[in-house]
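Everything on this sheet refers to the single structure shown next.
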Amino acid sequence: MRLRERDAPRAVSVNLALPRPANPVAAVVQFVSKTLVIAELEARKLRHDPTDLITRAVQPALWLLVFGEVFTQTRAIPTGGLPYLDFMAPGILAQSVLFIAIFYGIAIIWERDLGIVHKLLASPTPRTALVLGKALSASVRGVSQMVIIYALAFLLGVQIDWNPLALVGAFATVILGAAFFSTLSLIIAALVKTRERFLGIGQVLTMPLFFASNAIYPVAIMPAWLQVIAHVNPLTYEVDALRTLMLNGGVSAFGLALDFGILLAATALLVIIGGQLYPRVAT
């Protein structure tokens, strides 16, 4: 009896030191489950202030109603045979997603001040799952803008492609674009750590990203130095995919495979970086 009691702690220590190898499939399922839980928790915030989605639709609506209608009449920008309003509508959708996502990181700073970040970091949830979950919740806001802009574009006579596959593709593009820029926003928040600095950097980034893309004019008419910037700007590929999938007669300048490949690779890279930097928000 004494021998058994003496050996029991040793057996326990061996079991703890040599855990069973984790099932890779179960690990992936668990990671996805935790990511979706974080995304669902973040998306609940929309219930408390749904008017935020409507007010954020005012600016893109003005771009379409004023800027789009005026330049449609002037016909000063080559659009490859598309009416300028049709050419511009996908770019304004991408702009709307960008403006929502790029300021998403300020919520992380608020959560730090309220002590929520410390609670999340104390949980067993992987840091990359936290970052990816928050990125997906930002995508929910982007999809709401997609619905609004699709409806407005339809009322303005834009020739929208209503093919289900095209709609699914546009939906996926919006999710990827929102995930990329919201993760970039989270990384900025982790580095600067204060609301004032974050807002300043966010305002500096938004308009250069927008104007250094093909959102409102083709890359081909840009000066050479701006074309170089446009080709490394992920927003360019988001707009190109949306223009192909959203419009009847839309043609991709780069190919959908390249558009989605760059958005996926860039988002995955930022999620990994964000997972490493996320704990710095709390310090």
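Being surrounded by fewer than 18 Cβ atoms within 10 Å (Cβ to Cβ) and in contact with a Gly (Cβ under 7 Å, 6 or more places away or on another chain) is the requirement here; does residue 127 meet it? Break it down into steps so the answer makes sense when it comes.
Values: surrounded by fewer than 18 Cβ atoms within 10 Å (Cβ to Cβ): yes; in contact with a Gly (Cβ under 7 Å, 6 or more places away or on another chain): yes.
The answer is yes for residue 127.
Being touching a Pro at 6+ places or on another chain (Cβ under 6 Å) and modelled with pLDDT of 75 or more: is that true of residue 77 here? Spell out the reasoning first.
Working: touching a Pro at 6+ places or on another chain (Cβ under 6 Å): no; modelled with pLDDT of 75 or more: yes.
The answer is no for residue 77.
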Region 215-258, subset among the polar types (S, T, N, Q) and under 17 Å from residue 149 (Cβ atoms), residue surrounded by the fewest Cβ atoms within 10 Å (Cβ to Cβ)
248
Of (1) in a helix (DSSP H, G or I); (2) touching a residue at least 12 places away in the same chain (Cβ under 8 Å), residue 225 satisfies every one except (2)
Could you list, in sequence order, the residues of region 242-273 that are assigned to a helix (DSSP H, G or I) and of a type in the set (Gly, Ala, Ser)?
257, 261, 265, 266, 268
All but one of (1) surrounded by fewer than 15 Cβ atoms within 10 Å (Cβ to Cβ); (2) under 30 Å from residue 110 (Cβ atoms) hold for residue 188, so report the exception by its number.
(1)
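Take residues that are polar (S, T, N, Q) and tell me which of the helices (runs of 4 or more DSSP H) falling wholly in region 102-174 contain 1 or more.
127-155
Can you tell me how many residues in region 149-177 are within 18 Å of the chain's Cα centre (by Cα), crowded, with 19+ Cβ neighbours inside 10 Å and within 22 Å of residue 56 (Cα to Cα)? Give the steps one after another, and end with the answer.
Taking region 149-177 and keeping what is within 18 Å of the chain's Cα centre (by Cα), we get 149, 167-177.
Of the ones still in play, those that are also crowded, with 19+ Cβ neighbours inside 10 Å are 149, 169-170, 173-177.
Okay, now just the ones that are also within 22 Å of residue 56 (Cα to Cα), so 149, 170, 173-177.
Here the count works out to 7.
Based on what the data block shows, is residue 157 on the phi > 0 side of the Ramachandran plot, of a type in the set (Gly, Ala, Ser) and touching a residue at least 24 places away in the same chain (Cβ under 8 Å)?
Working: on the phi > 0 side of the Ramachandran plot: yes; of a type in the set (Gly, Ala, Ser): yes; touching a residue at least 24 places away in the same chain (Cβ under 8 Å): yes.
So residue 157 passes the test.
The values are calculated or read from the model by the stated rules, or taken from the named source; none is laboratory data. Predicted model only: the values in this text are computed from it and were never measured. For neighbour counting, all protein chains shown are included, and Cβ atoms are generated from backbone atoms with ideal geometry for every residue, glycine included.
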